[in-house]
Amino acid sequence: MIEHRPITKQTIMGSSFSIESDYSTNSGKLKIVSTPIRNAAQRLLDAKNQPDVKQLFSVIWQSNELHLMFADTGIGKSILAVSLADAISKGRGILNQENHHAPQTVLYYDFELSDRQFRKRYSDDEGKEYSFSSYFFIDTIDFVELDKKYPGRTFTSKLFEKLRNDIVEYKTDVIIIDNLTFLNGQSTQDTQVALDVMRNLNEIKKEFNVSILVLAHTPKRSMSFPITINDLAGSKHLSNFADSVSAIGKSTHGKSVRYIKQVKPSRSSEILFDSDNVLCCEIVKNDCFLTFSHLGYSAEQEHLTNDPSNQKEEKKEAARELRRQGMSIRAISEQLNIPHANIQRWTKNSTENLYQMIQMEQNDTNDTCPF
């Protein structure tokens, strides 16, 4: 049994304080130091002394935010992320959206492209290469070397030791992780690793006052319905660790047409790009630079399919894909808003060859250049 006794000691330093309290237990006294709590006046003063929030990519992603951007595989997340990194490192905006910063140092961890694939995207047929800024650093992480350097430590511990060292060495302002799904696959802990990564990125953000963009894959989704936070599926809870979330959707207007939507707006800004006003763009290659080109603005509904037969087939395929990825029948039913019995019938044979499919994907070493 623990009995609380009155406060025995207070230490007041400026406007913050710590309190030591004595508690009596069956085994003796227990001293607990409570966490200081600011009063309202101190909180206002602290906010006044913090740096101003400035736009990096309009209101979609702002300074000192941890931003999560998600989309299906092959939609163009990496293309947009590299375009953002290039613009930020040169103090420019993209897609007619404002960037209120002077050139900043960007550190981009690329786990998607090989060096050959990267060069193919950012050079032309004659071998002319795009001129990137010297403030833009992009590379992958050698996890084998990381294991040797930090033996016996957890995956996240090794990863964030390197990140901290890199931030200091390169005087980093902006970090881009491409992508969270890859890091998740480096450990058998699955979703827990992704959560640990997001928690640690939040600590990094606060410790170094950096802006962070994290890309994430999502399961195949139907083009008949608007994008919502639920499309993050098993990773939906990751959004709790992000200051803001956006998504890239595929459009029915053309193979390379995309739209960008705010799914979870920052608390420090307004929502401009919702279902009534998405940012429309197209994947193009301008000379030796693969990027997104601005097309305008429209309602999200204009990019969705309205064919009832297509909608049903898309729902079936989405259910099968989610089942192949290991999601339960109940979870799929809730996400797609389809009766449990229908999901069970549609996905009856979806997991029969799951192991073989995973093995084929892991052994696939071709040098194609997907979006």
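Worth pointing out:
- For segment 42-87, a residue qualifies if it is in a loop (DSSP other than H, G, I, E, B), at pLDDT below 95 and of a type in the set (Asp, Glu), and the qualifying residues are 52, 72.
- Qualifying residue in segment 202-209 (condition: part of a strand (DSSP E or B), modelled with pLDDT of 90 or more and β-branched (Val, Ile, Thr)): no
So that you can scan it fast, the table gives a plain yes or no per residue for (1) surrounded by 15 or more Cβ atoms within 10 Å (Cβ to Cβ); (2) among the polar types (S, T, N, Q); (3) closer than 30 Å to residue 122 by Cβ:
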| site | (1), (2), (3) |
| --- | --- |
| 241 | yes, no, no |
| 249 | yes, no, yes |
| 257 | yes, no, yes |
| 294 | no, no, yes |
| 299 | no, no, no |
| 313 | no, no, no |
| 328 | no, yes, no |
| 331 | yes, no, no |
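- Meets criteria (in the same structural domain as residue 291 (by TED's automatic domain parsing) and assigned to a helix (DSSP H, G or I)) for residue 102: no
- Checking each residue in segment 210-239 for being assigned to a helix (DSSP H, G or I) and either more than 22 Å from residue 54 (Cα to Cα) or more than 12 Å from the chain's Cα centre (by Cα) (or both) picks out 229, 230, 231, 232, 233, 234, 235, 236, 237, 238.
- Any chance residue 268 is crowded, with 17+ Cβ neighbours inside 10 Å, small (Gly, Ala, Ser) and assigned by TED's automatic domain parsing to the domain that holds residue 94: no
- The set of residues in segment 95-117 that are of a type in the set (A, V, I, L, M, F, W, C) and surrounded by fewer than 17 Cβ atoms within 10 Å (Cβ to Cβ) contains only 102.
The values are calculated or read from the model by the stated rules, or taken from the named source; none is laboratory data. Here the structure is a predicted model, which is why all the values come from computation and not from measurement. Positions of Cβ are backbone-derived with ideal geometry, glycine not excepted, and every protein chain shown enters the neighbour counts.
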